[in-house]
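Have a look at the structure below, then the notes.
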Amino acid sequence: MLAPSPGILISRQLAARAHLQVGDEVTLATEPQGGRTATFRVTGVYEPTPDPMRFTAERIEARLHLPDLVALAADGSDPGDAESIGRINVALTDPADTHAFAADLASSVPTVVVRPASDFRESDVFAVIDRFHVAISIVTVVGATAFLLALMLIRAEERRETVGVMRLIGISQRSLLSSVAIEGCAIAIVGAAFGIALALASERAINHYFQTRYDTALVFIRVTAAIAVRAVVVAAPLGVGAGIAASWTLLRRNVLSLFRR
Amino acid sequence: MTPLALAWRATRQYRARAVLAVVGVAVIGALLFDMLLLSRGLLVSFGRLLSAEGFDIRIVATQGFARIGIPESAALVEAVRRMPGVADTAAIAVEAGDAGVGAAHGHVTLIGRSRASASPWRIVRGADLVDSAPGAGCEAVVDGRFPSQFHADVGGSVRVLGLPGGASALPPIDCRIVGVADFGFSASGERTVAMTMDALQRALGTTHGADAQVILIASAAGADPNAIVRAVGRLRPDVRAYSNAEVVEQFNRNGFAYFRQISTVLSTLTTVFAFLLVATLLTVSVNQRLGEIAALRAVGIARHRIAAMLFWESALLVGGGALAAVPLGAALAVGLDRLLRQMPGLPDGLHFFVFERRALVVHLLVFGVTAAASAAYPAWLAARLPIAETLRREVVG
Amino acid sequence: MIVAVRNASRVFPMAAAPVVALRDVTLSVDAGEYVAITGPSGCGKSTLLHLIGCVDTPTSGTVLFEGRDVAALGESARSRIRLTRIGFVFQRFFLLPMLTAAENIELPQAEAGVAAADRRARTRTLLDYVGLADRADHLPSQLSGGEMQRVAVARALANRPALLVADEPTGELDEATGEHIADVFDRVHADGTAILLVTHNPTLAARASRRLTMKSGAIV
């Protein structure tokens, strides 16, 4: 009686592409022409962990037990090849020991690179992309601020006579300035809230589009509480500043000149 | 007075808001321009790096570009050399290594090159490798930062040790530095030492001919690279031959998707943003001048002239901003390019933002359409204005 | 007869209830006539002026301008009439703030297709006419209220209209300045242009050859 074929897991994408399901027998080969083959049985289908660096790649992959992979792929003429692996993942009982463990291991085995998975280096691809996004958002905010100022100028001009009347009847410049600042702040916060709502609405649509397009579970956009707070924190002083800047000349000009048509 | 002249006067009349609107459009436009540069920048830059090597076809062992030896590469090189339309070939092997000069040493990338008329690097100082007899002294060409890091320049000597698999008990070989070159695909933190294939084999301690990992082919003037690609495919179905265009297309499909996507998304967003902002500004401006506009209509100025005046106002604001956006965008692109090039492992010569005339044309077209679209609603407002009601409201208000 | 209004009514649909601004008005203005319409605020004076000035159309009845039914014309045709046959003077002047006095007067001439040299000559004549020859290059912000209104009158006369329509032309001016404007209207009338003006100013109304009083949307 033949020993049952060893089990493998295949990715959802491979299962769909090759019309495979659990229980099917498959032949894997290491060469395109079919050299060096082995037969396996599909014991499960898994969803590949989304990899942002490879989100466009079709995840046609399979997972084998290490001895099976070595037996299939190792170079028989190189005795060391069966002993070589690319990477070892380590889960610690206490994650707080991560950096100490990494440092100890690196000093003990200098020919390997030991790196905590949670490390985030300044030169990491995603750190660079994060800075890129921040730069773009700064540019966008600068452009929007120019427009905001222009609109606030128009609003201030529309209320020229109203401001003149208020100053004539004795309302202090300080009170007027405060009301302008509060109004600007309120407009900015409402605007930021609207922007956050728009971002939340588009988050789902954008993620759905790209997940469908690239057949991945990767999340492309996530609006977090920190981002929402940051939006409000940036918007509020801009609104206050724009309101005050736009109304400044109205509040400083000779009051009678505000009635001149 | 033409609608353009009226629009110009109106813009000057409300100078402060006009300047702010132009600044706003310029900043947003700079971002749009940069996204247009980014949309194909990497591809164009990558293509230029490939072309700069002087070879327009490359042969590798498998699909994709993993560094795997091409079986019987020497024989393949000779066969390819005899093909019609082939001007030059070079077999290349790349290995990790260690270089030392005096007390200084560090990791380097070793490149071995077989006999060829040209090398896939550009000599900036000194001379290129000379194809010498096997066993002759080792000559090396190093990258531009090597001399300052290792304190060894043309005429100096460097110890080279091949590290296949990461460790070696072999003695190093001494090479004489004959030239300093620009290696297009070397990363800024990467040091490169190029030598003949024979010298590399000695450094690696191999006694038989090592297989090249890439065979570069330069087609002759007037020859069709695709024909050579097909010929290689017929000769050796077990290897993969790609023209430079095909290499670029592969990277376009796999490697550059993120930047293409973000460029598309941001280009769309900035265009919509600019449209919304200018349309809002113009609409509010028109609402502020309703009495003026109603009076113009009352004295007989035709609707289409008032609409034309508003379209020209939009054109002046958006057009002025769009033109200012080009130099601003160019400056911004330099900064963003520098930022993105902090990514690890990027070739020194690779850029994300590359100027193409097409980007400028698209930029101007987009803003032309934006100017027209932004003025559409305010112009419609002005044209449809109920004159009597507006005049009455202006008096009462 | 320049203007003939026959049983014209104008109803404005409002959220609360329709407002009958003009009810069954009949009126005519002959060439060279000087007609003043007075009445309390909200009696429909300006509404009647707007119908005659081809700025609005009646809800019922007819308004004939030089024999043409205003309501039957499209907006382009009415606009042409306003440009070449009617001159409008507003209570709030409505000069374009970014154009000089001369340019404000040239604007309707340019719209009517008058050649540049002819425009400039006509503009100089009109500025002389209203006593502002030395203010040709001044912006409205550099003129007093009375001067702005004189420029507005000159603009209204730019294309030699058959009828000058004025809605409270002295409403924003002091008495003395209002008198100056009234003098200008007298000259215009003496030169043969028909004038139809709406005013609260009894002194100005007294200069007209025919005075009509309105109340609650009707001529009494």
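Averaged over peptide C:46-57, the number of partner chain Cβ atoms lying within 10 Å of each residue's Cβ comes to 3. When the charge dipole of the protein assembly as shown is built from unit charges on Cβ atoms (+1 for Lys and Arg, -1 for Asp and Glu) and taken about the Cα centre, the candidate among C:MET14, A:THR93, A:GLY239 whose Cα reaches farthest toward its positive end is C:MET14.
If you take the square roots of the eigenvalues of the alpha-carbon gyration tensor of region B:181-252 and sort them as a ≥ b ≥ c, do you get rounded (a/c under 1.5), prolate (a/b over b/c) or oblate? Because a/c hits 1.5 or more and a/b fails to exceed b/c, region B:181-252 counts as oblate. Counting Cβ atoms of other protein chains within 10 Å of each residue's Cβ and taking the mean over peptide C:107-117 gives 2. Which percent, to the nearest 5, of DSSP beta bridges fully inside chain B are antiparallel? Approximately 80 percent, going by the DSSP bridge assignments. If you take the charge dipole of the protein assembly as shown about its Cα centre, with +1 on Lys and Arg Cβ and -1 on Asp and Glu Cβ, which of B:ILE301, B:GLY205, B:VAL124 is farthest toward its positive end? It is B:ILE301.
The mean sequence distance of close C-alpha pairs (under 8 Å, at least 6 residues apart), as a share of the length of chain B, puts its relative contact order at 30 percent.
Taking every C-alpha pair closer than 8 Å and separated by at least 6 residues, the mean separation divided by the residue count of chain C gives a relative contact order of 31 percent.
Unpaired Cys in the protein assembly as shown, meaning no second Cys C-beta under 4.7 Å: A:CYS185, C:CYS43, C:CYS54.
Membrane-span-like helices in chain B, defined here as complete DSSP H runs extending at least 20 Å along the helix axis by their C-alpha atoms with mean Kyte-Doolittle hydropathy no lower than 0.5, are B:15-52, B:257-288, B:303-340, B:357-384; this is a sequence and geometry rule, not a statement about a membrane.
Evaluated with a Cβ-only charge set (Lys, Arg +1; Asp, Glu -1), chain A carries a dipole of roughly 2340 debye about its Cα centre, given to the nearest 20.
Here the relative contact order of region B:62-238, from alpha carbon pairs under 8 Å that lie six or more residues apart, stands at 33 percent.
Among beta bridges identified by DSSP and lying wholly in chain C, the antiparallel ones come to about 50 percent.
When the charge dipole of the protein assembly as shown is built from unit charges on Cβ atoms (+1 for Lys and Arg, -1 for Asp and Glu) and taken about the Cα centre, the candidate among C:LEU157, B:ALA7, A:SER178 whose Cα reaches farthest toward its positive end is C:LEU157. Peptides A:20-27, C:179-186, B:339-346 ordered by packing proxy, namely the average of other Cβ atoms within 10 Å per residue, highest first: C:179-186, B:339-346, A:20-27. Shielding of peptide B:274-280 by partners, expressed as the average count of other chain Cβ atoms within 10 Å per residue Cβ, is 2. Need one word for region C:41-100: rounded, prolate or oblate. Basis is the Cα gyration tensor (sqrt eigenvalues a ≥ b ≥ c); a/c below 1.5 gives rounded, then a/b vs b/c decides. Cα axes put region C:41-100 in the oblate bin. Packing, taken as the mean count of other beta carbons within 10 Å per residue, orders the peptides C:4-14, B:136-146, A:216-226 from highest to lowest as B:136-146, C:4-14, A:216-226.
Working ranking of peptides C:202-210, C:74-82 by packing, defined as the average number of other Cβ atoms within 10 Å per residue, highest first, is C:74-82, C:202-210. Net charge in the neighbourhood of B:ALA18 (other residues with Cβ under 9 Å of its Cβ; Lys, Arg +1, Asp, Glu -1) is +2. Put a plus charge on the Cβ of each Lys and Arg, a minus charge on the Cβ of each Asp and Glu, and nothing anywhere else: the dipole of region B:1-95 about its Cα centre is then about 920 debye.
Listing C:MET1, B:MET35 from fewest to most neighbouring C-beta atoms within 10 Å gives C:MET1, B:MET35. This model, with +1 at the C-beta of Lys and Arg and -1 at the C-beta of Asp and Glu, gives the protein assembly as shown a dipole about its Cα centre of some 3420 debye.
Laboratory data are not the source of any read-out in this text; all were calculated from the coordinates shown. The structure displayed is predicted, hence computed values, not measured ones. Cβ coordinates were reconstructed from backbone atoms using ideal geometry, including for glycine residues, and neighbour counts include every protein chain displayed.
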